[in-house]
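Visitor: Pasting in a structure now, in structure tokens, and then I'll have a few things to ask.
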Amino acid sequence: MGISVGELSIIIKLVREVSDRWDDPRAWREHLLQGACALLGGNVGTMFDVQIPTSPGQLGAIRPVAIFGLRAPEQKALVHTSTDQVSNREVEEASKNFLPGHAKFWAEFDRQGWVTAARDQLTDADTYHACQGYRELRLPADCDDYLWSMRFVDLPKRIEMFGVDRPHGAPPFGPREIMLLTLLHDEIAPLIGVRLATEEHFTRDGMSKRLRETLSLLLDGKSEKEVAATLQLRPRTVHEYVTSIYRHFNVRSRAELLAYFIHRTPKVRLQSQTGLV
């Protein structure tokens, strides 16, 4: 079964909506995962940053950067626990002791530089349901069948992985869903770090609600006086907010700030540039 015109339109629309949120890493990632779950009939979506392994057969550090569909703190904690179980481990060890099929997934990635695969392509149901990762972590979160996708991304060079899960009782992912996620990730991966900002770039990440509101009004063309009137704040307070925003984005004027958002090309933050404190 191929991809329909309607499904292709949904993917194009989702990529555009994600790109519109380019300067807010948490926002664009959550919107991507929410859209992927809706497209693929999933209940949980997760995204991970993966460091490039330093030696063959070993996993790099794995860090969850977005979780959609898990509301309870204890369920979200399960994602971090499962990541800790495989991070910086030997691939074969992680596959044998924690999540069967992991070695096959990584072997395919090493072979062609990308991979998108459903659970039944990696391991059989009985082996999967008997493994530690399923029993201790995925089962309590009501995550059964899964679909994973992994690509290289740039600036900085690393691996990005995200997946969609279905709850118990739902039908397994099939070839159509694999094609849809492959296409979606192929469209998104080249944008990460180039058009879609991450925490390594100057972004809205870490800004307070008031600073975000002030920034939005500045980008709408409001003067400091108009911002003060809109937010019902003293002009001096708004001026302090604007100064903080300039410092956060490492610019010296409104013109430079507007140029950054007009160009939509995220600038990498140097280690010494920590943004707001």
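Visitor: Residues that are over 19 Å from the mean Cα position of the chain (by Cα) and either among the β-branched types (Val, Ile, Thr) or in a helix (DSSP H, G or I) (or both): does the stretch 58-71 have at least one?
Guide: Taking every residue of the stretch 58-71 in turn, none turns out to be over 19 Å from the mean Cα position of the chain (by Cα) and either among the β-branched types (Val, Ile, Thr) or in a helix (DSSP H, G or I) (or both).
Visitor: Also: Of all residues being among the small types (Gly, Ala, Ser) and either outside the structural domain of residue 19 (by TED's automatic domain parsing) or touching a helix residue (DSSP H, G or I) at 6+ places or on another chain (Cβ under 6 Å) (or both) in the stretch 31-68, which is farthest from residue 197 (Cα to Cα)? Just the residue, please.
Guide: 57
Visitor: Something else now. Exactly one condition in (1) of a type in the set (Asp, Glu); (2) more than 26 Å from residue 35 (Cα to Cα); (3) surrounded by 20 or more Cβ atoms within 10 Å (Cβ to Cβ) is false for residue 240; which is it?
Guide: (3)
Visitor: If the Cβ limit is 6 Å and pairs must be 6+ apart or interchain, which residue in the stretch 159-184 that is closer than 13 Å to residue 116 by Cβ pairs with which residue that is assigned to a loop (DSSP other than H, G, I, E, B)?
Guide: Going by the 6 Å Cβ cut-off, the qualifying pairs are 164/42; 173/145; 176/1; 179/3.
So that you can scan it fast, the table gives a plain yes or no per residue for (1) touching a Ser or Thr at 6+ places or on another chain (Cβ under 6 Å); (2) in the same structural domain as residue 71 (by TED's automatic domain parsing); (3) buried (at least 20 other Cβ atoms within 10 Å of the Cβ); (4) not polar (S, T, N, Q):
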position: 138; (1), (2), (3), (4): no, yes, yes, yes
position: 142; (1), (2), (3), (4): no, yes, no, yes
position: 149; (1), (2), (3), (4): yes, yes, yes, no
position: 168; (1), (2), (3), (4): no, yes, no, yes
position: 176; (1), (2), (3), (4): no, yes, no, yes
position: 184; (1), (2), (3), (4): no, yes, yes, yes
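Visitor: If you check 231, 217, 258, 191, which single one turns out to be touching a residue at least 24 places away in the same chain (Cβ under 8 Å) and surrounded by 15 or more Cβ atoms within 10 Å (Cβ to Cβ)?
Guide: The match here is 191.
Visitor: Also, I was wondering about something else. For the stretch 139-158, which positions are under 20 Å from residue 106 (Cα atoms) and either in contact with a helix residue (DSSP H, G or I) (Cβ under 8 Å, 6 or more places away or on another chain) or in a loop (DSSP other than H, G, I, E, B) (or both)?
Guide: Residues satisfying the conditions are 145, 146, 147, 148, 149, 150, 151, 152, 153, 154, 157.
The values are calculated or read from the model by the stated rules, or taken from the named source; none is laboratory data. Fair warning: this is a prediction, and the values are worked out from it, not measured in the lab. Note that each Cβ is placed from the backbone with ideal geometry, even for glycine, and that neighbours are counted across all protein chains shown.
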